[in-house]
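The values are calculated or read from the model by the stated rules, or taken from the named source; none is laboratory data. Fair warning: this is a prediction, and the values are worked out from it, not measured in the lab. All Cβ positions, even for glycine, are placed from backbone atoms using ideal geometry, and neighbour counts span all protein chains on display. Side chains are part of the model used for accessible areas, which takes the heavy atoms of the whole protein and leaves out ligands, DNA and RNA. Shrake-Rupley method; radii C 1.70, N 1.55, O 1.52, S 1.80 Å.
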Amino acid sequence: MKAELQAIQAEALEAIKSADTPDALESLRIKYFGRKGKLTDVMKGMGKLSAEERPEMGKLANEVRATLTQAFEAATQALHSQQQEQQLAAEAVDITLPGRKPAYGKAHPIMQTLEQIEAIFYQMGFEVVTGPDVETEYYNFDALNTPADHPARDLHDTFYLTDGHLLRTHTSPVQIRTMENQKPPIRIIVPGKCYRVDYDVSHTPMFHQVEGLLVDKHATFSELKGILTSFVRQMFGDKTQMRFRPHFFPFTEPSAEADISCAVCQGKGCRSCGGTGWVEILGAGAVDPAVFEAVNYDPNEVTGFAFGMGVERIANLQFRIPDIRTLYENDLRFLRQF
Ligand code: DAH
C-alpha cells in the first residue's frame, strides 16, 4: 500500500504540473479525490490492514493527501495569475501611439462673414429674421413698388417658377412680410440667399444678402448713415471711409448706393476696386410711402429706412477671392484656407 500511495503521489504531482487549464485541473482533482477517485480507493482499503500497519499507512495517506491538496492549490493560483496576465496584456493600450484625429468641419467663409454682420447689427439692437427663398411676385416685386411694367423689374434677371412663384431676387420681400405681421417700431436685419440669372467672376446664380429695415416715428436718413458707417468701421476697421451716391430703387425715396474705401488697398486703387479706391457694398434709402401703403402703415405716421448689402462682396474684401464662383465649387483645398 505504501508503494501504491507513493506512486499515486508521484503520478498526480506530474499530472498537476502539466495541467494548463482550470478545467484540466478540476478533472484531475476528481480523478484523485473524487468519490471514485484513486486516492479515495486506497483509503477505502485501510480497513483491511492489520492494527500495526494501520497508523503508519494512515499517516502516509494523510501526508499524500496534504501534499496533493497543496499542489492543487498552488497550480490553481498559478493558472489564475497567468490568466490575469494574459488578459492584461491583451487589453493593454499603447499610450505612445498618436491619437485618432476626428475629422472636423468649420463654417463656410460666407457663413463666417454673415455671422460677423449679424453680430454687429444684433449688438446695435437689430433683430434677426428670415423669410422664404421661394417667393411670390407680389412680395418680391409688387408690394415693393415694382409692378410688372416697371423697368427696374427687368434688371433682376429672375428665375421664374410656376404659378406666379419665383426664387427671390433679393431679401427685400422680408421687409413686407415683417411689416404685415408687426406694428412699428421695427428694427430687423434679414440674412439670406438670393437668386439671379447671372454667372461671371463677381456673380453666382445664388448669392447672399443682408437686408435691414428700421421703421419708427422719426427715422431719419442721417441715422441710416450713422448706423451703416458704424457697421463698416466695425467690419473693416476704424479708418474705413464711406460715401453715399444718389441712386434709384423703387422701394426707397430718396435712394443711395454706398461705397467704402477699398479694404484691400486702403483707397489707393488696386485690382479689387478697379483702380478707383472705392467698392460698392450696399443699396439703401428712406422707405417709399408706397411700400408703407402696401402693408397698411400710415406714411404720415411713420418713416423708415432700409438697406441691402451683398455678402459675397463683403467677404471678397475680407478674404480677397479673385473669382467668387470658387466659393461654391466646394473644393476643400480652397475652403480650408479660411
Ligand atoms: N434689394 C436691393 C438689391 O437687391 C438692395 C436694396 C437697396 C435693399 C435699397 C434695400 C434698399 O432695402 O433700401 O439690389
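Here are some notes:
- Subset tally (residues that are in a strand (DSSP E or B) and either loosely packed, with under 14 Cβ neighbours inside 10 Å or touching a Gly at 6+ places or on another chain (Cβ under 8 Å) (or both)) for segment 207-242: 10
- Among the residues making up segment 180-201, those that are surrounded by 15 or more Cβ atoms within 10 Å (Cβ to Cβ) and either within 12 Å of the ligand (Cβ to nearest atom) or farther than 21 Å from F121 by Cα (or both) are I188, I189, V190, G192, C194, Y195, R196.
- Counting only helices (runs of 4 or more DSSP H) that fall entirely inside segment 105-174 and contain at least 1 residues that are among the small types (G, A, S) and in the same structural domain as V210 (by TED's automatic domain parsing), the qualifying elements are 109-123, 151-154.
- Leading residue by the ranking (least open to solvent (accessible area, probe 1.4 Å)) among those in segment 15-33 that are in a helix (DSSP H, G or I) and of a type in the set (S, T, Y): Y32
- In segment 256-269, residue most open to solvent (accessible area, probe 1.4 Å) [restricted to those that are over 37 Å from the mean Cα position of the chain (by Cα) and either within 14 Å of the ligand (Cβ to nearest atom) or farther than 25 Å from S222 by Cβ (or both)]: K268
A quick yes/no check of all residues on (1) within 14 Å of Q209 (Cα to Cα); (2) under 27 Å from the mean Cα position of the chain (by Cα); (3) within 13 Å of the ligand (Cβ to nearest atom):
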| site | (1), (2), (3) |
| --- | --- |
| G99 | no, yes, no |
| K106 | no, yes, no |
| T113 | yes, yes, no |
| D142 | no, no, no |
| T146 | no, no, yes |
| H150 | no, no, no |
| R153 | no, no, yes |
| Y160 | no, no, no |
| D163 | no, no, no |
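- Some residue of segment 137-158 being closer than 30 Å to L332 by Cβ, at pLDDT 95 or above and either among the basic types (K, R) or surrounded by fewer than 19 Cβ atoms within 10 Å (Cβ to Cβ) (or both): no
- Segment 279-338, subset of a type in the set (D, E) and surrounded by 14 or more Cβ atoms within 10 Å (Cβ to Cβ), residue farthest from the ligand (Cβ to nearest atom): E312
- Set side by side, the residues R320, R243 differ, and just one is out of contact with any helix residue (DSSP H, G or I) (no Cβ under 8 Å at 6 or more places or on another chain) and in contact (Cβ under 8 Å) with a residue 40 or more places away in the chain, which is R320.
- Within segment 213-264, the set of residues being of a type in the set (S, T, Y) and under 23 Å from T113 (Cα atoms) comprises T229, S230, T240, S261.
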